[in-house]
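The values are calculated or read from the model by the stated rules, or taken from the named source; none is laboratory data. Source: prediction; values computed, not measured. We place every Cβ from the backbone using ideal geometry, glycine too, and count neighbours over all the protein chains shown.
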Amino acid sequence: MSVSGARAGTMDTRSDLGFRLAALARIVELGPGRVDPALIAEAGQLLLRAGDRLKLSGDHTVVALAGGTGSGKSSLFNRISGLELSPTGVRRPTTARTHACVWGLDGAGPLLDWLQIQWRHRFARASALDRGESQLHGLILLDLPDHDSIRAITDHEADRLIQVADLIVWVLDPQKYADAATHGKYVAELAGHEAITVFALNQADRLAPEELAECVVDLSDLLKREGVHHPRIVPTSATSGRGVNSLKSVLAESVANRRAAVQRLDADLDRIMVRLTKVMPAPDAMAVHPTVDLARQEGLTDALCDAVGVPAVGEAMENVYGVRSIDWVGWPYARWAARLRPDPMNSLRLGNLRDDIRAVTAASVSAQPAEVENAVQALADGLSSDMPEAWQNGVRDSARSQLSRLPQVLSDELTEIAPRLDRVPGWWWLLKIWQYLLVVLFVAGVGWAGAILLYGVFKVGREPTDLLGDVSALPWLGLMMVSVLGLGLLSAIASRNFVVLGAGNERVHLEREMRRRISAVSKDMVIKPVEQELRRYNDFFAALTSGRR
Amino acid sequence: MKSTAKKTECADEHTEQSGDAVIEEKDLPETPEEQTITFQAIRPGDDDPRAAGSDATAAPGQELDAEIPTDVPTATPQPPSAETGDTAERDAARTGAAGTDGTDSSGGQSSDAAPGQAAFNVFAPVKAGAAQVATGDTGTSDAVSGKAAFDAFAPVKAQAPEVATDDTAASSQAHHVAVPKDDSPANDPSPEARDTSSTPENASAVKKDDSPKTRDVPPATPDVSTVLEDVPDPRGVSPAPEDVSADHEDVSPVSGDVSAEKLDFAPVSEDVPAADQDVSLSSEDVSTDTPDVSPVPEDVAADDQDVLPVSEDVSFDPFKETKSRTSAGQPQSGPGDTGSRVVWEPAEAAPAADADGSDESEGGSIPPYQRVREVPLPKPVSRALTAALSGLRDSVTGLRLGLDVPGVEEARKAQTEILAQIEDYVIPRVHMSTAPALVVVAGSTGAGKSTLVNTLAAAKVSSTGVRRPTTGTPVLACHPDDRDWFAKGDVLNGMIRVDRPGPDGTLDSLVLASTERLPQGVALLDTPDIDSVVETHHEIAHRMLDAADLWVFVTTAARYADAPAWNLLRLAKERGARLAIVLSRVPVRSREVIDKHFSRMLQEYGLGDVERFVINESTVTGGRLPDEEVTELRMWLTELSVDEQRRGQAVQATLDGVLNSFRSRIPALARHLEAQVAFRAELRTDVDAAYMGALAEIDEATSDGSLLRGEVLARWQDFAGSGDLMKTLHLRRPGRLATKSTQQAPMRLRAFKSALRSGLESVIVSAGQRAAVEVVARWRQRDGVGDRLAAVSGLGRPSDEFVRRVGRTIGAWQEHVVALIRSGGVTKRSVAKLVSFDEEALALVFMISLLGYGSSDVATSSGTGTLPERMLRGVLGADSLRTIGTKARSDLRARISLLFDEETLRYVQVLDEAGIPDEAAAKRLYQATYNLEVAR
């Protein structure tokens, strides 16, 4: 009953663990470039290890006896296993290879392989022989080499196994229990692993009872200072056998629960999550809005429009059309009159500059790269101001990802729609013809009037037709000529107004169109990558939160 | 007879070794080979080619000597002589054999001296376990070969400094042939008497004695005087004066010879009076002890005259003394009488003989250190050394290691260590080289340091317990007489002296305790551990070790393979510190195994010859071990206490080690400093490179026309296309000013101008932006170091002021260009007569042209140049256009550079805040190191 309950608990924990591991996997996937690579690598290793361990026998609990040289790991190992399996001695360091003793061999093989325990150092206790120890069934006891002797400087076996064991028994002794080598590197680091850490204060027989009590209190204070809030301390004596049974029962409990492996991974996960959180503190706005809001988009479009010079283009179009239309729709007499004025260009012998100036207007619309860059930068800065720096850089980089192409694309896109300033609309031609028609009419009128004067008034000769000699027609003719002139002037003014009006309309239309296109381009080339990065940011912190439990 | 305190470095080492050997050998039987070996080590000291003969003889003599001890149990007046006779005979025999050559040559050489004397020196650096080591020098010297022998001599003496050295100069009168017979009468008082000094036995006797004596004498105080009195050596002693006297006689003739020959030695002839006294005094000393003395005085008196010239050295310079003594010994070979026996009386005796005269030899009433302080080092040397050291200290103090270059932590630590060591230890030590030696007890937590100190002090001076770590404040235990010395505190003067430990972990207090049971001149310092979780303890312990004269490293049977322990041993080795190792808490039954294993490990590590003490595991009561466990250690300490010379050498060795270590530590520091300087330069280069790149970008953008896009282009089109361009020029007509049609122009002009300005601004701003990002990126690439700097907020973007400043700069530039146009336009008179123009508009046209109009996609038509160019040329003339163009461009460049310089300043500031490594500091360090070496 209790076993099945424990099993159920295990299953719960397992699924929970799976969930958190998935979150970690997501972090490992999203983190590179944003989080310290070493940490990501470590997280990756933890994932691998977790995967391996969960695949292997869940019925076994790997218990490692760890500690400094001379603390009595091997003696304790032998005591617990009841056999002289691991050689003990007075020379330091004694044990160089890890020894393992298995209670209940079924399925332990692959696990031992994974732990890289050499064959000749594996021992099994068939549970049938140990009636009294059935509760230890499923225990894999490891006798580690020390981690603090000069040998350990070059040999990291203890280090490795401490990182993978399901349950760690720190074998301390009254002389060495406060060594920095044990505490600084392991105990304090693994402070969150309380559930799977046991401290055996070995060589208790060397102390008087009251000394032992003092020692235990001191040790427990020390551990609490290091963050182990409820240390499990078992005074033992491998030589006298005292306390070994209570240690055994502690082990038996863990073994029976079959949960140490999961707890271990859980604790490791906690630890790495804490570290991740430390290097990547969750900002106040844990989740940013995954899309770039409209105001910012507008801002970007505005800035890009400025970079292209949309308002200026419109204005120029309006002005240039107005000026140029004079050549076409203007009153020819006014133009001719203007030409009579002396030209400074000519006096500087720069007469042909006019053509050049006209050519200026032939140039098309283009975007200014520096301004485009600044616009994009401003967007990225605005979006990421609350983010940790690594992510700020991420947003910036994603915004700039297509920056080199952006000005060109913008130019191309806008050239399609922007009118050439030297364009000549058809109705200008019509008006021009009309104007010249009027000029012709006027000239004809002048001729007619002259002829009437000649033949009708001065009687120079015989008029060819009556029309040419009819003096009475003269006032009418004069009226007509005046009206022709007036018509010309009127139509010039009117068409000029039409040009300006049309240019104004066109400018509005053009600006709207350019804006639309610029906004489309920016969405495609800037907003999209940025939003992708924002989603990544959100995912990352979501994973971090869910992994943190 | 002179006994002198002598400090010779090389000798020191030998001595120590021999000392070790002795102590270890307590258990083991003494082996003759060892002594021989020791001797051979000395032999290289012989310079004189002629020494060969005597050398050869000496060696066998040594062996003999070594053997002798086995025979002689104690020195009784008679037996020694007999045995001596034996020895001497044998010696002489060999001498004879070996000496023939020597004799021959000597015959030729020293005409004054008694012709042909076989020099026969046996140096037996015999070790006496506890108090007295007797070195038997049997010097039978030919004037010539003797001289050679003496060459060898000096080192030898040095070698057995703490020990009573017996110099037996068994010299044979005339040709050595005679020698064999002569040997026998050891006690023969007559100066003329042939030789044989009983010395060898003396040496041996004494030597043999040690073991028994040690047993007898309470371990605590093998006082020298005691030794002298206790040891039934009067015989041994007595011959000495005779010896001397004998020598003196000889000396007279020889001395000239000798002095001539031994250039190494201090000028022999100068010091007459002092030496005189010495000799006489010592002989008197002896006489008090010895019944035989009667003849001596005369001798001495007689000798004195002769001696005068020779022996001067002695009093003058302790170092030379040996030599002069040697020289004295050499001549003495003439009468070939008793071996001159120099008793290296520990502590008291030596100075007594030197300074005070006979009385002193008996009691050591004067606290040793007072005398010790007298002449630790010759003044000028000390002064030079002090100056060099304080120079070194100053240059180390001034270092600022601000940049987090890899290894900066180590360097900073090294800096503070070196500083602390110079102040706490080296400078005080240079002043008083043999002041009470500070023995620092260091080791792992729980190794029993405090227990050991308590036991040695026979009082609970330092608290002990089962809690780890136990000791947090260092405890200094010393003899009450020494207390003032430590309380006053040149040594460790940064530490506050307190009476009981304060709150745990205070870095700068030192508990001072005194106890009668500790020998004088040696103080024990109990330190916090080196490996517990409390890291301040490690710091304190290392600081204490830095100030130590001797290191006593305590480890246990459970710990001796711990990595921190070996780190400490490595440190000791590196520093050349004098070291003793205590292996404590050793279970009795496995003592042998552990001891062997440990010693093998030490041997592999190159520390096989370090003194080692093993303490069994036993119950601790009241914070102390049973006294018998520490007997050896106590004895060792006592030796140090009593034997000022040995202590002095130990102290000197450690000091030398420290000074030697400076040879590598300070250059290492300097190298690190150089690395910092280089690194800073690199960081600076990063900044410069990034901004240079930005500047180049701007240059390009402002000349290839890429600036003339977007708004600028549109405005230009507007400006030109709407005819305003044409309107900038007017024909000058009297009475007529600007046309009405230009009404709209100012607006357009302004728009154009501001477009141009913002275009330029944006180019500069974006370049500045990129440069800022690049600097940070480059810094980040510098392995983690730049990271911290790059993390300073705001470095990744231009400063807040930047945009505004750029605006101002461009505005100013535009104004400048207008001014240029204005002043340039005036020059072309012919045009000015005809045409007036709007300078502002023309300036804009000029800028357009300057910024690369026509080189980009802006259409360019005719071949004679771009539109603005031609227009400007027309108006201003080609020459002035070129001038103005150059000026305007360089002005723009200068302004932008200035702008970037201001930006760069931010990075420089960050660098400076991190600490400006002084580039000359490294050089100063090297110089200081060199000065130190010179001063030494």
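Please count how many residues of the range B:677-726 are more than 30 Å from B:ALA921 (Cβ to Cβ), more than 14 Å from chain A (Cβ to nearest Cβ) and of a type in the set (Lys, Arg).
0
Those residues that are modelled with pLDDT of 80 or more and within 8 Å of chain B (Cβ to nearest Cβ), I need them from the range A:367-391; list them, please.
A:ALA367, A:GLN368, A:PRO369, A:ALA370, A:GLU371, A:GLU373, A:ASN374, A:GLN377, A:ASP381
Using the structure shown, decide if A:GLY89 is among the small types (Gly, Ala, Ser) and modelled with pLDDT under 85.
Criteria met by A:GLY89.
Given the condition basic (Lys, Arg), within 12 Å of another protein chain (Cβ to nearest Cβ) and not in a helix (DSSP H, G or I), answer yes or no: does some residue in the range B:611-620 qualify?
The answer is no; no qualifying residue exists.
What do you reckon, is B:SER590 assigned to a helix (DSSP H, G or I), in contact (Cβ under 8 Å) with a residue 12 or more places away in the chain and surrounded by fewer than 19 Cβ atoms within 10 Å (Cβ to Cβ)?
yes
Among the residues of the range B:561-584, write down those that are crowded, with 24+ Cβ neighbours inside 10 Å and at the interface with chain A (Cβ under 9 Å from one of its Cβ atoms).
Result: B:ALA561, B:ASP562, B:ALA565.
Restricting attention to the range A:159-172, and to residues there that are crowded, with 24+ Cβ neighbours inside 10 Å and within 14 Å of another protein chain (Cβ to nearest Cβ), which single residue is farthest from A:LEU54 (Cα to Cα)?
The residue in question is A:LEU172.
For the range A:69-98, how many residues are touching a Pro at 6+ places or on another chain (Cβ under 9 Å) and either assigned to a loop (DSSP other than H, G, I, E, B) or over 16 Å from A:ALA238 (Cα atoms) (or both)?
9
Can you pull out every residue in the range B:514-552 that is more than 14 Å from every other protein chain (Cβ to nearest Cβ), buried (at least 22 other Cβ atoms within 10 Å of the Cβ), over 20 Å from the mean Cα position of the chain (by Cα) and outside any loop (DSSP other than H, G, I, E, B)?
The answer is B:VAL522, B:ALA523, B:LEU524, B:LEU525, B:ASP526.
When only residues in the range A:418-434 that are modelled with pLDDT of 80 or more and hydrophobic (A, V, I, L, M, F, W, C) count, which is surrounded by the most Cβ atoms within 10 Å (Cβ to Cβ)?
Here the answer is A:LEU431.
Which one of A:GLN408, A:GLN435, A:GLN392 is of a type in the set (S, T, N, Q) and over 60 Å from the mean Cα position of the chain (by Cα)?
Of A:GLN408, A:GLN435, A:GLN392, the one residue that is of a type in the set (S, T, N, Q) and over 60 Å from the mean Cα position of the chain (by Cα) is A:GLN435.
Report whether or not B:ALA558 is at the interface with chain A (Cβ under 10 Å from one of its Cβ atoms), in a helix (DSSP H, G or I) and either more than 14 Å from B:VAL610 (Cα to Cα) or among the β-branched types (Val, Ile, Thr) (or both).
no
Those residues that are crowded, with 21+ Cβ neighbours inside 10 Å, among the acidic types (Asp, Glu) and touching a residue at least 60 places away in the same chain (Cβ under 8 Å), I need them from the range B:868-915; list them, please.
The one that is crowded, with 21+ Cβ neighbours inside 10 Å, among the acidic types (Asp, Glu) and touching a residue at least 60 places away in the same chain (Cβ under 8 Å): B:GLU903.
Hey, among the residues in the range A:192-215 that are closer than 27 Å to A:ASN257 by Cα and within 13 Å of chain B (Cβ to nearest Cβ), which one's surrounded by the fewest Cβ atoms within 10 Å (Cβ to Cβ)?
Looking at the filtered set, the residue picked out is A:LEU201.
Given the condition at pLDDT 80 or above, more than 19 Å from A:ARG79 (Cβ to Cβ), crowded, with 16+ Cβ neighbours inside 10 Å and not acidic (Asp, Glu), answer yes or no: does some residue in the range A:126-137 qualify?
no
Applying the selection to the range A:288-325, what residues are closer than 16 Å to B:LEU725 by Cβ and not small (Gly, Ala, Ser)?
A:GLU315, A:ASN319, A:VAL320, A:VAL323, A:ARG324
So in the range A:195-215, with the set limited to residues that are touching a residue at least 60 places away in the same chain (Cβ under 8 Å) and not in a loop (DSSP other than H, G, I, E, B), which one is farthest from A:SER74 (Cα to Cα)?
Filtering the range A:195-215 for residues that are touching a residue at least 60 places away in the same chain (Cβ under 8 Å) and not in a loop (DSSP other than H, G, I, E, B), the one farthest from A:SER74 (Cα to Cα) comes out as A:ALA195.
Answer yes if at least one residue in the range A:34-48 is surrounded by 23 or more Cβ atoms within 10 Å (Cβ to Cβ), within 14 Å of another protein chain (Cβ to nearest Cβ), touching a residue at least 12 places away in the same chain (Cβ under 8 Å) and not hydrophobic (A, V, I, L, M, F, W, C), and no otherwise.
No, the range A:34-48 contains no residue that is surrounded by 23 or more Cβ atoms within 10 Å (Cβ to Cβ), within 14 Å of another protein chain (Cβ to nearest Cβ), touching a residue at least 12 places away in the same chain (Cβ under 8 Å) and not hydrophobic (A, V, I, L, M, F, W, C).
For the range B:741-853, please list each of the helices (runs of 4 or more DSSP H) lying entirely inside it that holds at least 2 residues being at pLDDT 80 or above and crowded, with 17+ Cβ neighbours inside 10 Å.
B:745-781, B:802-827, B:839-850
Modelled with pLDDT of 80 or more and either crowded, with 23+ Cβ neighbours inside 10 Å or under 18 Å from A:ILE162 (Cβ atoms) (or both): does that describe A:ARG20?
No: the conditions fail for A:ARG20.
Tell me, which helices (runs of 4 or more DSSP H) lie completely within the range A:443-549 with 2 or more residues that are more than 30 Å from A:LYS278 (Cβ to Cβ) and modelled with pLDDT under 85?
Output list reads A:466-469, A:473-522.
Could you run through the range A:220-267 and say how many residues are more than 29 Å from A:PRO174 (Cβ to Cβ) and touching a Gly at 6+ places or on another chain (Cβ under 9 Å)?
Of the residues in that region, 6 qualify.
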